[in-house]
Amino acid sequence: DAGVIQSPRHEVTEMGQEVTLRCKPISGHDYLFWYRQTMMRGLELLIYFNNNVPIDDSGMPEDRFSAKMPNASFSTLKIQPSEPRDSAVYFCASSFGKPKGDTQYFGPGTRLTVL
Amino acid sequence: AQTVTQSQPEMSVQEAETVTLSCTYDTSESDYYLFWYKQPPSRQMILVIRQEAYKQQNATENRFSVNFQKAAKSFSLKISDSQLGDAAMYFCAYYSGATNKLIFGTGTLLAVQP
């Protein structure tokens with residue numbers, strides 16, 4: 001299995017621009033999670049989906065952030081407009097739901113820099 | 001709310017020696033899992049080991065083992081025969097069966113000295 005795939009691996013953009021991060025979960029996994037990692041706040045859960053439906057988006061920082069999962073093999077996290085404080089590493093993870101295991105497998109992350 | 005505490009920001013170990021990383025958590029739930037993840041400089045989050053709360057037996061994975069003390073809410077990671085490739089940031093994480101959320105500690109940076 002290829003594991004969780006994220007693109008791009010690095011993104012540099014200017015303040016005010018739209019940024020779209022992409023994720024392909026492990027085939028067969030029915031949960032997908034988006035995390036953000038910063039030095040100040042560590043790893044934070046932003047949103048997660050179950051069977052393509054958003055279940056909990058309480059971690060999404062503000063309306064500039066949105067996430068979609070149009071099908072079982074693809075999800076996007078969009079920031080519009082981007083701000084320098086959005087600079088972070090964004091991880092996507094996927095898992096089987098209970099009772100199959102719950103272990104989350106992470107993608108390689110996207111390092112976002114907003115200038 | 002559940003919390004995860006890693007009280008050791010940094011640790012160092014000699015190659016081939018054993019090191020133990022500490023983790024405590026706070027919860028009122030009975031259904032949960034605990035994990036250790038490793039994050040090397042490549043920043044990939046790699047699963048090291050997993051423990052189900054209902055299991056009394058401590059999980060082991062080759063050179064990695066845990067000491068799970070449920071009553072004390074403690075979940076330490078022991079790395080035996082440390083190797084240079086073990087150098088990384090190690091995160092303890094709590095998974096809530098009720099909310100499906102994974103809550104991470106702040107991490108312990110492990111250095112392995114040759």
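Nothing in this text is a laboratory measurement; each read-out follows from the coordinates by a stated rule. Predicted, not measured: the structure shown is a model, and the values here were computed from it. In this analysis, Cβ positions are derived from the backbone assuming ideal geometry, glycine residues included, and neighbour counts consider all displayed protein chains.
So what is the relative contact order of chain A, in percent, for Cα pairs below 8 Å that sit 6 or more residues apart?
Computed over chain A, the figure is 36 percent.
What is the Cα centroid distance between the stretch B:26-47 and the stretch A:1-44, reported in whole angstrom?
18
Output the peptides B:13-24, B:92-103 sorted from most to least packed, where packing is the average of other Cβ atoms within 10 Å over each peptide's residues. Display every interim value, and only then the final one.
Values: B:13-24: 16.5, B:92-103: 20.0.
Highest-to-lowest ranking by the protection proxy: B:92-103, B:13-24.
5 Å is the cut-off here: which amide hydrogens, built 1.01 Å from N in the peptide plane, fall below it relative to B:Val48, excluding neighbours closer than 5 in sequence?
B:Trp36, B:Tyr37, B:Lys38
For chain A, give the share of DSSP beta bridges that are antiparallel, in percent and rounded to the nearest 5; count only bridges with both residues there.
90
Across peptide B:91-100, what mean number of C-beta atoms from other chains lies inside 10 Å of a residue's C-beta?
Mean partner shielding for this stretch: 3.
Whole-Hz Karplus ³J(HN,Hα) for the stretch B:4-9, in order, using 6.51 cos²θ - 1.76 cosθ + 1.60 and θ = phi - 60°, x for Gly and Pro?
Values per residue, Gly and Pro as x: 10, 10, 10, 8, 10, x Hz.
Quick one: what are the phi-derived ³J(HN,Hα) couplings along the stretch B:70-75, Karplus 6.51/-1.76/1.60 with θ = phi - 60°, whole Hz, x for glycine and proline?
3J(HN,Hα) across the stretch B:70-75, in whole Hz: 5, 5, 7, 6, 10, 8.
For a quick check: with amide H placed at 1.01 Å from N, whose amide H comes under 5 Å from B:Leu110's, ignoring anything fewer than 5 positions away on the same chain?
Long-range HN contacts for B:Leu110: B:Met11, B:Ala88, B:Met89, B:Tyr90.
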